Amino acid sequence: MTNKQLVTTTEKPMTAIEIEKKYDQKQLNSIKEMFAANLNEEQFRVYLMTCNRLNLDPVAKHIYGIARKGKLTIQIGIDGFRFIADRTGAYAPGDTEYLYDKNKKLIGAKVWVKKMVQGQAFAFSET
């Protein structure tokens, strides 16, 4: 990996070398095991760089690294989207409705957020 400059969402430049210094090896192993278990070393390194670039914390369940058919997929969790939305200063959390199947197994959630549009708050939902 070269020492290229990466730009985070906070516009603070960080090099790839600095990213790897953020965590000790034990912490990196734990993060990989819990949030990116099926990634190879190169994919895991790209995952960590993405976490840093987006200023998302894998330990807070903001972001996951998943290998699908051998290819890296970065998946942002609902807590990550909430964290990103909160950074805008215009996020207002709404209600959450949990969805269960006939056996009472959790199968999803419907979440509402409020967004200011032309000075008026509107609720938007996604399942």
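Among the residues making up segment 41-100, those that are of a type in the set (A, V, I, L, M, F, W, C), more than 14 Å from the chain's Cα centre (by Cα) and within 28 Å of K114 (Cβ to Cβ) are A90, A92, L99.
Within segment 70-123, being open to solvent by less than 80 Å² (accessible area, probe 1.4 Å) and hydroxyl-bearing (S, T, Y) holds for T73, Y91, T96. Residues that are touching a strand residue (DSSP E or B) at 6+ places or on another chain (Cβ under 6 Å) and over 14 Å from K71 (Cα atoms) were ranked within segment 32-50; the one that is surrounded by the fewest Cβ atoms within 10 Å (Cβ to Cβ) is T50. The single condition among (1) surrounded by fewer than 15 Cβ atoms within 10 Å (Cβ to Cβ); (2) of a type outside the set (S, T, N, Q); (3) in a helix (DSSP H, G or I); (4) modelled with pLDDT of 55 or more that I17 does not meet is (4).
Cβ separations smaller than 6 Å between residues 6+ apart or across chains give the following pairs from segment 28-46 residues that are closer than 18 Å to L56 by Cα to residues that are of a type outside the set (F, W, Y) and in a loop (DSSP other than H, G, I, E, B): F44/A36.
What do you reckon, is I66 over 19 Å from E126 (Cα atoms) and open to solvent by 20 Å² or more (accessible area, probe 1.4 Å)?
When the stated conditions are applied, I66 passes them.
The values are calculated or read from the model by the stated rules, or taken from the named source; none is laboratory data. Everything numeric here is computed off the predicted structure, so don't read it as measured data. Methodologically, a virtual Cβ is constructed for each residue, glycine included, from the backbone with ideal geometry; neighbour enumeration extends over all protein chains shown. Please note that ligands, DNA and RNA were not included when accessible areas were found on the heavy atoms of the full protein model with its side chains. Shrake-Rupley method; radii C 1.70, N 1.55, O 1.52, S 1.80 Å.
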